[in-house]
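Report on the structure given below.
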């Protein structure tokens, strides 16, 4: 049994090593290549959430994007001397206000420290937290005429399931340290005092949103507040109202970023692009994650074989 496990492990490692050598090639023979001036493109797709860097796996594609991932990409662009401009390619209905604040702060730091231009371009949607990010530090904001954007506002959802619980015979209670510790509890109505507390929080975040848009778009806060009732606008409506600068697609925005960054365009009239490389399935298979899984499985089999009378199956 031990001999079979050992042989299987050796063969598996040999196959993995061979595949790695084929896919990666011989690094010693690589020639240094001069990197041309280029535009860094950061994709902001799906729900924007606050958190660390996300990474896709073979079996789980991360939904949306995290502030940690976006902040890391912004810093990488800032540290890359070949990057002369930044494009934010956005297709998102929004997300966390905190995530938008984190990314917005990093974009303003990028602009302040590098003096490099930022251009935002919106696809189907660029609303709420996504518009916060687009508007906060961009030199130009592009949208398609049919893009849905705006939605400048804040809301805090909650649900009251008390009547449903009563119908199915469920009651709940709690011991709490203070009168507001279970604020937004779903098993009872919210008190007027609690509503006032949460409304003050929503109002404060809303004012920050309005102020961010006013500074980024160089508009009076009173004008932004008139537009910031939570509604969405088409790209054309947003342009007429001053919320976006130009009607155009991703390539229009890319060309504008190249021009602002002083990048010589290629034969297609566009600057060179630096995009984030997405992890491929084979990269996951050869990653430390799968290596640890294999290692754990082999150890479990080894331990089982050493136990007197142990069955071959592993119980988890």
Looking only at region 201-254, count every residue that is under 20 Å from residue 144 (Cβ atoms) and in a loop (DSSP other than H, G, I, E, B) and tell me the total.
7
Which one of these is more than 14 Å from the chain's Cα centre (by Cα), in contact (Cβ under 8 Å) with a residue 60 or more places away in the chain and either surrounded by 24 or more Cβ atoms within 10 Å (Cβ to Cβ) or outside the structural domain of residue 211 (by TED's automatic domain parsing) (or both): 120, 129?
120
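Please work out if residue 279 is outside any loop (DSSP other than H, G, I, E, B) and either outside the structural domain of residue 147 (by TED's automatic domain parsing) or at pLDDT below 95 (or both). I'd like the intermediate steps shown before the answer.
Numbers: outside any loop (DSSP other than H, G, I, E, B): no; either outside the structural domain of residue 147 (by TED's automatic domain parsing) or at pLDDT below 95 (or both): yes.
When the stated conditions are applied, residue 279 does not pass them.
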Residue 155 fails exactly one of (1) surrounded by fewer than 19 Cβ atoms within 10 Å (Cβ to Cβ); (2) part of a strand (DSSP E or B); (3) touching a residue at least 60 places away in the same chain (Cβ under 8 Å), namely (2)
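Being over 17 Å from residue 39 (Cα atoms), at pLDDT 95 or above and outside the structural domain of residue 204 (by TED's automatic domain parsing): is that true of residue 64 here?
Values: over 17 Å from residue 39 (Cα atoms): yes; at pLDDT 95 or above: no; outside the structural domain of residue 204 (by TED's automatic domain parsing): yes.
Against the criterion (over 17 Å from residue 39 (Cα atoms), at pLDDT 95 or above and outside the structural domain of residue 204 (by TED's automatic domain parsing)), residue 64 does not qualify.
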Would it be correct to say that residue 194 is surrounded by 15 or more Cβ atoms within 10 Å (Cβ to Cβ), more than 30 Å from residue 251 (Cβ to Cβ) and free of Cβ contacts under 8 Å to residues at least 24 places away in the same chain?
yes
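Please work out if residue 88 is closer than 18 Å to residue 46 by Cα, outside any loop (DSSP other than H, G, I, E, B) and either assigned by TED's automatic domain parsing to the domain that holds residue 248 or over 15 Å from the mean Cα position of the chain (by Cα) (or both).
Working: closer than 18 Å to residue 46 by Cα: yes; outside any loop (DSSP other than H, G, I, E, B): yes; either assigned by TED's automatic domain parsing to the domain that holds residue 248 or over 15 Å from the mean Cα position of the chain (by Cα) (or both): yes.
Judged against the criteria, residue 88 is a match.
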Which one of the conditions (1) surrounded by fewer than 12 Cβ atoms within 10 Å (Cβ to Cβ); (2) modelled with pLDDT under 95; (3) in the same structural domain as residue 42 (by TED's automatic domain parsing) does residue 240 fail to meet, given that it meets all the rest?
(2)
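Among 175, 183, 170, which is the only one that is touching a helix residue (DSSP H, G or I) at 6+ places or on another chain (Cβ under 6 Å), surrounded by fewer than 24 Cβ atoms within 10 Å (Cβ to Cβ) and either in a loop (DSSP other than H, G, I, E, B) or not assigned by TED's automatic domain parsing to the domain that holds residue 247 (or both)? I'd like the intermediate steps shown before the answer.
On the way: 175 fails: touching a helix residue (DSSP H, G or I) at 6+ places or on another chain (Cβ under 6 Å); 170 fails: touching a helix residue (DSSP H, G or I) at 6+ places or on another chain (Cβ under 6 Å).
When all the criteria are applied, what remains is 183.
The values are calculated or read from the model by the stated rules, or taken from the named source; none is laboratory data. Computed from a prediction, not measured in an experiment: that's the story for all the values here. Methodologically, a virtual Cβ is constructed for each residue, glycine included, from the backbone with ideal geometry; neighbour enumeration extends over all protein chains shown.
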